[in-house]
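The values are calculated or read from the model by the stated rules, or taken from the named source; none is laboratory data. Everything numeric in this text was worked out from a predicted model, so none of it was measured. Reconstructed Cβ throughout: ideal geometry from the backbone, glycine too, with neighbour counts over all protein chains shown.
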Amino acid sequence: SLKFSKGRDLVLVDDMVSTGGSILKSIKFLKKVNFRKIYVACTHPVFVGDSESKIKKSGITKIIGTNSVEGKFAKIDLSCIIVEAILSWES
């Protein structure tokens, strides 16, 4: 167990969750080192096949993603960021 991890919360960030393989390996390790709550945040919450249910069953607290992909985890709106980027190209 890592000294700093016991009883703490952690946000696991990934660019894209598709099959969930990388996230599941990470969660397995993080559970072993006694993090209290593990949140998963991703830019592109794709979730193919049964990856969503596998990740939920792994004991995570919550999954959140951006709306770059439609779905129930698309909670963070990227529209303002995209508009700002487009407007900056014009200057």
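Some notes on this structure:
- Failed condition for Gly21, given (1) surrounded by 14 or more Cβ atoms within 10 Å (Cβ to Cβ); (2) of a type in the set (Gly, Ala, Ser); (3) at pLDDT 95 or above: (1)
- Which listed residue is modelled with pLDDT of 95 or more and surrounded by 14 or more Cβ atoms within 10 Å (Cβ to Cβ), from Asp14, Asp50, Asp77: Asp14
- Residues in the range 62-74 that are within 11 Å of the chain's Cα centre (by Cα) and of a type outside the set (Phe, Trp, Tyr) were compared, and the one that is surrounded by the most Cβ atoms within 10 Å (Cβ to Cβ) is Gly65.
- Helices (runs of 4 or more DSSP H) lying entirely in the range 8-91 (those with 2 or more residues that are touching an Asp or Glu at 6+ places or on another chain (Cβ under 8 Å)): 21-32
- Being among the polar types (S, T, N, Q) and either touching a strand residue (DSSP E or B) at 6+ places or on another chain (Cβ under 7 Å) or at pLDDT 95 or above (or both) is a description that applies to Asn67.
- Of residues in the range 24-39 being farther than 18 Å from Glu52 by Cα and aromatic (Phe, Trp, Tyr), the one surrounded by the fewest Cβ atoms within 10 Å (Cβ to Cβ): Phe29
- Pairs, first more than 14 Å from Lys62 (Cα to Cα) in the range 8-32, second charged (D, E, K, R) and in a loop (DSSP other than H, G, I, E, B), C-beta under 7 Å, six or more apart: Arg8/Arg36
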